[in-house]
Amino acid sequence: MDEKTTVRQLMKRAIEFRDERNWKQFHDPKNLAAALSIEAGEIQELFLWKSKEEVERFVRSKEGIKRLGEEIADVFIYLLFLADSVDLDLSRAFDRKLTENGRKYPVEKSRGSNRKYDMLG
Ligand SMILES: [Mg+2]
């Protein structure tokens, strides 16, 4: 499905869902940023107190990957709403940021390294 779906199509569906419920009035950037962060916390909650092995088992289980997918989708939906609330072109922002990250983390210096860009030397 990812291969044939555009960000624009997903944004349109999310906005239609929101507008059918007249929820735009609640969707200011501050509240959407909070909702996004809360949903990201729900991803962490799924893994909380589990060992690395338990997390691996969880994400390989049918129920585990379903739950993780639900929370990742919640994050993505709020990300779309947040971008819409400030008229941000997500694809452009993604492109600019990944390009910038490529400058900060050139392959020859960062490949296989977990160092932050200012410690790459
Ligand atoms: Mg959730």
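The values are calculated or read from the model by the stated rules, or taken from the named source; none is laboratory data. Source: prediction; values computed, not measured. Because the Cβ atoms are built from the backbone with ideal geometry, glycine has one as well, and the counts that use them run over all protein chains shown.
Let's see how each residue does on (1) at pLDDT 95 or above; (2) within 16 Å of the ligand (Cβ to nearest atom):
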site	(1), (2)
Met1	no, no
Gln9	yes, no
Glu20	yes, no
Gln25	yes, no
Ala34	yes, yes
Ile38	yes, yes
Phe47	yes, yes
Ser51	yes, no
Lys62	yes, no
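Pick from the stretch 9-29 the residues that are basic (Lys, Arg) and surrounded by 12 or more Cβ atoms within 10 Å (Cβ to Cβ): which of them is nearest to Gly64 (Cα to Cα)?
As a first pass, look at the stretch 9-29 and keep what is basic (Lys, Arg): 12-13, 18, 21, 24.
Now restrict to residues that are surrounded by 12 or more Cβ atoms within 10 Å (Cβ to Cβ): 12-13, 18, 24.
Working: Lys12: 29, Arg13: 26, Arg18: 28, Lys24: 32 Å.
That would be Arg13.
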The stretch 30-63, subset more than 16 Å from the chain's Cα centre (by Cα) and closer than 19 Å to Leu82 by Cα, residue surrounded by the most Cβ atoms within 10 Å (Cβ to Cβ): Asn31
Within the stretch 77-108, the count of residues that are without any contact (Cβ under 8 Å) to a residue 40 or more places away in the chain, surrounded by 11 or more Cβ atoms within 10 Å (Cβ to Cβ) and either assigned to a loop (DSSP other than H, G, I, E, B) or within 15 Å of the ligand (Cβ to nearest atom) (or both) comes to 4
Which condition from (1) within 26 Å of Arg18 (Cα to Cα); (2) surrounded by 14 or more Cβ atoms within 10 Å (Cβ to Cβ) is the one that Ala73 breaks? (2)
